[in-house]
1. With point charges of +1 on the Cβ of Lys and Arg and -1 on the Cβ of Asp and Glu, referenced to the Cα centre of the chain, which listed residue (PHE89, GLN7, THR44) lies farthest in the positive direction of the dipole?
2. How much solvent-accessible surface does ILE18 expose, in Å² to the nearest 10, with a 1.4 Å probe and all protein chains in place?
3. What's the magnitude of the charge dipole for the chain around its Cα centre, counting Lys and Arg as +1 and Asp and Glu as -1 at the beta-carbon? Answer in Debye, nearest 20.
4. Taking only protein heavy atoms into account and a 1.4 Å probe, give the accessible area per residue of the range 27-92 in Å².
5. When the helices in the chain are scored as -39500 (n - 2.57) per DSSP H run of 4 or longer and the sum is shared across all residues, what 222 nm value do you end up with, to the nearest 500 deg cm²/dmol?
6. Using protein chains only and a probe of 1.4 angstrom, how many square angstrom of LEU28 are accessible, to the nearest 10?
7. Using the Kirkwood formula on the Cα atoms of the chain, what hydrodynamic radius do you get, in angstrom to one decimal?
8. Between the DSSP loop rule and a limit of at most 11 other Cβ atoms within 10 Å, which trypsin sites (Lys or Arg not before Pro) in the range 1-72 are left?
Amino acid sequence: GASSLSQAISGQSSIAQIRLACNGIGRLGCEALAEALRDNATLTVLDLRENPIGDDGAEALATRFLSGAKKLRALSIIKCGVGDDGAAFLAE
């Protein structure tokens, strides 16, 4: 799943878009993805809509990846079970 994909993209610095809608990615997959993308400076689109990432997955994205994602222009987390707590992490 997402953990295998994360291993494959780790260290890839030229990925511009990742679209993983409706893939059953949960908190653990989100954590692995965020860790793999930690040093990616080229990603402009991350589409995770309709995955059960929840607040914990949102927190992982915010703390491990988004703080350094300077070129990210679109993050889609529609229907991901992200509540107020997860949204607060992403907004920081």
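The values are calculated or read from the model by the stated rules, or taken from the named source; none is laboratory data. Please read these numbers as outputs of a predicted model, since none were measured by experiment. Note: ideal-geometry Cβ built from the backbone for every residue, glycine included; neighbour counts use all protein chains shown. Note: areas computed on protein heavy atoms with side chains; ligands, DNA, RNA excluded. Shrake-Rupley method; radii C 1.70, N 1.55, O 1.52, S 1.80 Å.
1. Farthest towards the positive end: THR44.
2. ILE18 has an accessible surface of roughly 10 Å² with all protein chains in place.
3. That gives a dipole near 440 debye.
4. Here the per-residue accessible area is 52 Å².
5. On the way: 4 runs with 37 residues, N = 92.
So the helix-based figure for the chain works out to -11500 deg cm²/dmol.
6. Accessible surface of LEU28 is approximately 110 Å².
7. The Cα-based Kirkwood calculation yields 12.6 Å.
8. On the way: sites: ARG19, ARG27, ARG38, ARG49, ARG64, LYS70, LYS71; in loops: ARG38, ARG49, LYS70, LYS71.
Here the sparse-neighbourhood loop sites are LYS70, LYS71.
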